[in-house]
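**Q** The structure follows.
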Amino acid sequence: MDRFFLTHPTLYAFASWLEATRVGSAIAEGRYAFPIIEGIHLIGLAIAVGLLMLVDLRLMGVFLTQVPPRQLHRQLLPYVLAGFGVVVLAGVVLLSSEATTVFASPPWPFKMAFIILGAANALYFEFVSSRRPDSLPAIGKLPSGVRGAGAASFGLWVLVIICGRLIPYITSWS
Amino acid sequence: MSLSHVLYAVQKSHFAHSLAESNHMLVAVLQIIHVFGFIFLLAPLILIVLRVFGLILRDQPVQDVLRQPRALSLTGLSVTLASGLLMFLTAPLHYYNNWAFDTKMLLLLASLLVYGALFLGVAPRQSAHPTLARVTVGVAVVLWLGVCMAARAIGFVA
């Protein structure tokens, strides 16, 4: 048992329970289940985060500037959400197969924190910022708050991916 | 000289040896760069698929929508290939006799051919041959997804 769990026994019990579930143990024992689901996780990430980053770049005023930002945002949203559905589902399934390793890895809580911040930023933009009058003019420079929201979203998802890839390389706090 | 001899020579080269002997976090950094390259290769391609199939931005001319995603996707491709090559050089013999790596290389070759055909031949004539454009861009995406899946399997094949 990793030393991290000596101070987090409840988390260890939860991680052990996850690994003992039928899904968790089947993936851990199957030869190709893990890489197949990991591949699906990465493809979902490329679609969801990739398309979201394209919208962020548009909000920042550096990509597809001839396309009205509201149009790009609205029309890509279903594909972004579908991609995120795949990413979350595959991510949870992967986590269940190696929860004790992942929970003990230092980059993991940072990844989760950046996901929460990214989601909060997206929800604030969706339900507050983008609904203000003149927040998303079809052409021309966007308000600084909108450009800032795009940059924040882009940066947060970059951090999510960096932390996610570091999980297998930084396995312990000590 | 067999392939294994070539790979052995590459592994023993000064550059490859320096890479392999460097901090293990170098491979992590290369992996991160590789993933970002793949995201910026694939996401613009998905955007092009959605536009060519008429699912988004229907009031925008296809050629206008193509221009910047094509440039971004090509940048993503360059980053992916460069970081992938450097990762390969850290342990070329590791990939010898690995069917997932062989599959990835075959799919990568096919992807590059279709990708080249898409942007050099098909896309500029999209309005004259819309069905060909849809098939080509669809095949390009499917092949890249295949490359991704084969790549993930490499570390799990003995």
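**Q** Separation of region B:14-84 and region A:1-31 by C-alpha centroid, Å?
**A** 35 Å
**Q** Once you average over the residues of A:50-58, how many Cβ atoms of partner chains fall within 10 Å of each Cβ?
**A** 4
**Q** If we count trypsin sites (Lys or Arg not before Pro) as exposed when they sit in a DSSP loop and have at most 12 other beta carbons within 10 Å, what is the longest stretch of chain A that avoids them all?
**A** A:32-140
**Q** Residue by residue through region B:125-141, which ³J(HN,Hα) values in whole Hz follow from phi under the Karplus form 6.51 cos²θ - 1.76 cosθ + 1.60 (θ = phi - 60°), with glycine and proline marked x?
**A** Working through the residues one at a time gives 10, 4, 5, 7, 9, x, 5, 4, 5, 5, 5, 5, 5, x, 5, 4, 5 Hz.
**Q** Could I ask something else about it? Counting Lys +1, Arg +1, Asp -1, Glu -1, what net charge surrounds residue B:144 among other residues with beta carbon under 14 Å of its beta carbon?
**A** Neighbourhood net charge equals +2.
**Q** Go ahead and collect, in residue order, the members of region B:124-158 whose backbone nitrogen is under 12 Å from a label point 7 Å along the Cα-Cβ direction of residue B:70.
**A** Those under the cut-off are B:124-127.
**Q** Right, next: Can you work out ³J(HN,Hα) from phi for every residue in region A:128-136, in order, using Karplus 6.51 cos²θ - 1.76 cosθ + 1.60 and θ = phi - 60°, giving whole Hz and x for Gly and Pro?
**A** Values per residue, Gly and Pro as x: 10, 4, 6, 9, 6, x, 6, 6, 10 Hz.
**Q** Under 1.5 on a/c is rounded, so check that first for region A:3-166, then, if it is not, pick prolate when a/b is larger than b/c and oblate when it is not; a ≥ b ≥ c are the square roots of the alpha carbon gyration tensor eigenvalues.
**A** The shape class here is prolate.
**Q** Right, next: Using only helices, what value at 222 nm comes out for chain B when you add -39,500 (n - 2.57) per DSSP H run of length 4 or more and divide by the total residues, to the nearest 500 deg cm²/dmol?
**A** Roughly -25500 deg cm²/dmol at 222 nm, from the helical runs in chain B.
**Q** What FRET efficiency do you get for residue B:120 and residue A:172 if R0 is 45 Å and r is their Cβ-Cβ distance, rounded to the nearest 0.05?
**A** Result of the calculation: an efficiency of 0.35.
**Q** Just to be sure I understand the model, the point goes 7 Å from the Cα along the line to the Cβ. What's the resulting residue B:129 to residue B:26 distance in nm?
**A** Rounded to a tenth, the inter-label distance reads 4.5 nm.
**Q** Which three lengths, in whole Å and largest first, does the protein assembly as shown cover when its Cα atoms are put on their principal axes?
**A** Largest first, the protein assembly as shown extends 57, 55, 38 Å along its Cα principal axes.
**Q** Would you mind giving the mean number of other chain beta-carbons within 10 Å of the Cβ of each residue in A:66-75, as a whole number?
**A** Mean shielding by partner chains, rounded to a whole number: 3.
**Q** Hey, rough spin-label estimate for residue B:85 and residue A:82, points 7 angstrom out along Cα→Cβ, what's it come to in nanometres?
**A** For the pair residue B:85/residue A:82, the computed spacing is 3.6 nm.
**Q** For chain B, what relative contact order do you get, as a whole percent, if you take Cα pairs closer than 8 Å and at least 6 residues apart?
**A** Computed value for chain B: 29 percent relative contact order.
**Q** A further question on this structure: State to the nearest 20 debye the size of the charge dipole of region B:3-156 about its Cα centre, where the only charges are +1 on K and R beta carbons and -1 on D and E beta carbons.
**A** 300 debye
**Q** Now for a different question. Residue by residue through A:159-167, how many Cβ atoms from other chains fall within 10 Å of the Cβ on average?
**A** Per-residue shielding by partner chains comes out at 3.
**Q** Step through the residues of region B:52-60 one at a time and calculate ³J(HN,Hα) from phi using the Karplus curve (6.51 cos²θ - 1.76 cosθ + 1.60, θ = phi - 60°), rounding each to whole Hz and writing x for Gly and Pro.
**A** Coupling constants for region B:52-60: 5, 7, x, 8, 9, 6, 5, 7, 9 Hz.
**Q** Only four residue types carry charge here, +1 at the Cβ of Lys and Arg and -1 at the Cβ of Asp and Glu. Report the dipole size of the protein assembly as shown about the Cα centre in Debye, rounded to the nearest 20.
**A** 820 debye
**Q** Given only helices, namely DSSP H runs of n ≥ 4 each adding -39500 (n - 2.57), what is the per-residue ellipticity at 222 nm of chain A, to the nearest 500 deg cm²/dmol?
**A** The helix contribution divided over chain A gives -24500 deg cm²/dmol.
**Q** Contact order normalised by length for chain A, with contacts defined as Cα pairs under 8 Å and 6 or more residues apart; what percent is it?
**A** Relative contact order comes out at 32 percent.
**Q** Using a ≥ b ≥ c from the Cα gyration tensor of region B:3-156 (square roots of the eigenvalues), is it rounded, prolate or oblate, where a/c under 1.5 gives rounded and otherwise the larger of a/b and b/c decides, a/b for prolate?
**A** prolate
Rule-based calculations on the coordinates, nothing more; no lab input. Just so it is clear, the structure is predicted and the values come from calculations on it, not from any experiment. So basically every Cβ, Gly included, is an ideal-geometry build from the backbone, and we count neighbours across all protein chains shown.
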